[in-house]
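Below is one structure, written out as structure tokens; the observations come after it.
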Amino acid sequence: MIQGTVIRVDARGCVVFAEGEELFCRVRGRFYEDIEGQKRPIAPGDRVSISRTSEGEGAVEEIEPRRTRLSRQAAHGEREQVIAANVDQVAIIVSVKNPPLRPGLIDRLIIAASNQAIEPFVVINKIDLGIAKKVGKVRDTFRELGYEVLYTSATEGTGVPHLALRLADRTTVFAGHSGVGKSSLLNAIHPELHLATGSVSKRTTKGRHTTTRATLFPLPAGGYVVDTPGVRAFGLWDVEKADLDIFFREFQPLIEQCRFYDCTHDHEPDCAVRAAVEAGEVRRPRYDAYLRIMRSLEGEQR
Ligand code: GDP
Ligand code: ZN
């Protein structure tokens, strides 16, 4: 038996990086019997023991318990989709424009990461296209909350060395909408990866696997990056509506001052969170994000 790390998963099996090569491995049927509502028993980042079955091929014999996992609600149905296992941090990547900056995904990914003790940080890419006031506000918002926010330009190289340092020796998920520059940033850090970029070339078969499913890249400098397909909607997994306020850091000192212990900070009288929003002490876009996510959890949990 040899030890390896799962790089990519599909319906037929997975690709495992072990002893310096990539082996296509079957996943034994018994692993599908006990997956506790997960879509698949295995995900990129899983540490596995495999046996070799033939040249370039093997079979997964053991899956190590996961340290952490970044999950979302699977697109169809009530199941958990593990995007990647054994993740240390999530780089939440947005762009200043093309596509326009929508902070909604930042709020959601911070929750998904914090729920698993995975460290989130934000990367605002394409700053060569100009930094509008709204962009600066988004940066200030998340910096004030204590999250690191980097400005980058994959095309001009701004901020790329800092991002490269941040990735070294850790497992990082690159998450963000399609077109924000995830592949371009990875190429800027490690040109030898030769990732397909731009929506047109990605639709060709050559670069297809890089965009249709999450893939783990071993970085030459140590560590791994999981490049995810562009996430359009990120359904939260394993977050209860009643616990949502825990994930909004700025609400923390206020929650116990609400009149009702189970205050949802929506319509209740004497709500300290709403009072703080009115007083300008909590930023309104964050409060609005809280309400939106709460409503979506009501829908998801029905
Ligand atoms: P992904 O879908 O997130 O992997 O995005 P890509 O890396 O494929 O980039 C999408 C498009 O944005 C491509 O046409 C890139 O050339 C462009 N792009 C990526 N990074 C930058 C940047 O920093 N500045 C500018 N101006 N364009 C960029
Ligand atoms: Zn309240």
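The values are calculated or read from the model by the stated rules, or taken from the named source; none is laboratory data. Since we're looking at a predicted model, the values are computed, not measured. Glycine also receives a Cβ, built like all others from the backbone with ideal geometry; neighbour counts cover every protein chain displayed. All accessible areas refer to the heavy atoms of the entire protein, side chains included, with ligands and DNA or RNA removed. Shrake-Rupley method; radii C 1.70, N 1.55, O 1.52, S 1.80 Å.
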Per residue, accessible area of the chain with a 1.4 Å probe, heavy atoms of protein chains only, in Å², comes to 49 Å²
What one gets for region 1-103 as the Kirkwood radius, inverse of mean 1/r over different Cα pairs in Å, is 14.9 Å
Below 8 Å between Cα atoms, with a sequence gap of 6+, how large is the relative contact order for the chain in percent? 14 percent
Give the relative contact order (percent, whole number) for region 53-103; include only Cα pairs under 8 Å separated by 6+ residues. 25 percent
Ignoring ligands, DNA and RNA, how do TYR261, TYR151, TYR287, TYR32 rank by accessible area with a 1.4 Å probe, largest first? TYR261, TYR32, TYR151, TYR287
Sites PHE31 and GLU298 - FRET efficiency at Förster radius 30 Å, r taken between beta-carbons, to 0.05: 0.35
Using the Cβ atoms and a cut-off under 13 Å, what net charge is assigned to the surroundings of ARG259, where Lys and Arg are +1 and Asp and Glu are -1? -3
Quick one: of LYS137/LYS182; LYS126/LYS241; LYS39/LYS126; LYS39/LYS182, which pairs are farther than 31 Å apart, Cα to Cα? LYS126/LYS241; LYS39/LYS126
For the chain, take the longest principal axis of its alpha carbons; what is the angle in degrees between that and the long axis of helix 284-300, to the nearest 10 within 0 to 90? 60 degrees
Find how much the distance from GLU281 to GLU61 grows on full extension, using 0.36 nm per residue of separation minus their present alpha carbon separation; answer in nm with one decimal. 73.8 nm
Lone cysteines in the chain, going by a 4.7 Å Cβ-Cβ cut-off? CYS14, CYS25, CYS271
What FRET efficiency would be calculated for the residue pair LEU129, ARG259, taking the C-beta separation as r and a Förster radius of 35 Å, to the nearest 0.05? 0.15
Report, to the nearest 10°, how far helix 104-114 tilts away from the longest principal axis of the Cα atoms in the chain, using its own Cα long axis and a range of 0 to 90°. 70 degrees
Mean residue ellipticity at 222 nm from the helices of the chain, using -39,500 (n - 2.57) per DSSP H segment of n ≥ 4 over the full residue count, to the nearest 500 deg cm²/dmol? -7000 deg cm²/dmol
Projected area, mean over directions - region 52-106, Cα convex hull, nm²: 7.3 nm²
Relative intensity, log₁₀ I(q)/I(0), of region 216-302 from a Debye sum that treats every alpha carbon as a point, q = 0.17, 0.20 Å⁻¹: -0.76, -0.92
On the accessible surface of the chain, probed at 1.4 Å with all protein chains in place, carbon and sulfur together account for a percent value of 49 percent
Can you give the accessible area of LYS182, probe radius 1.4 Å, in Å² rounded to 10? 20 Å²
What base-10 log of the normalised intensity I(q)/I(0) is obtained for the chain from the Debye formula, alpha carbons as equal point scatterers, at q = 0.10 Å⁻¹? -0.59
Per the rule of 0.36 nm per residue minus the C-alpha distance, extending GLU144 to GLU192 adds in nm 13.7 nm
Cα coordinate range in region 25-169, projected on the principal axes (Å, largest first): 55, 35, 26
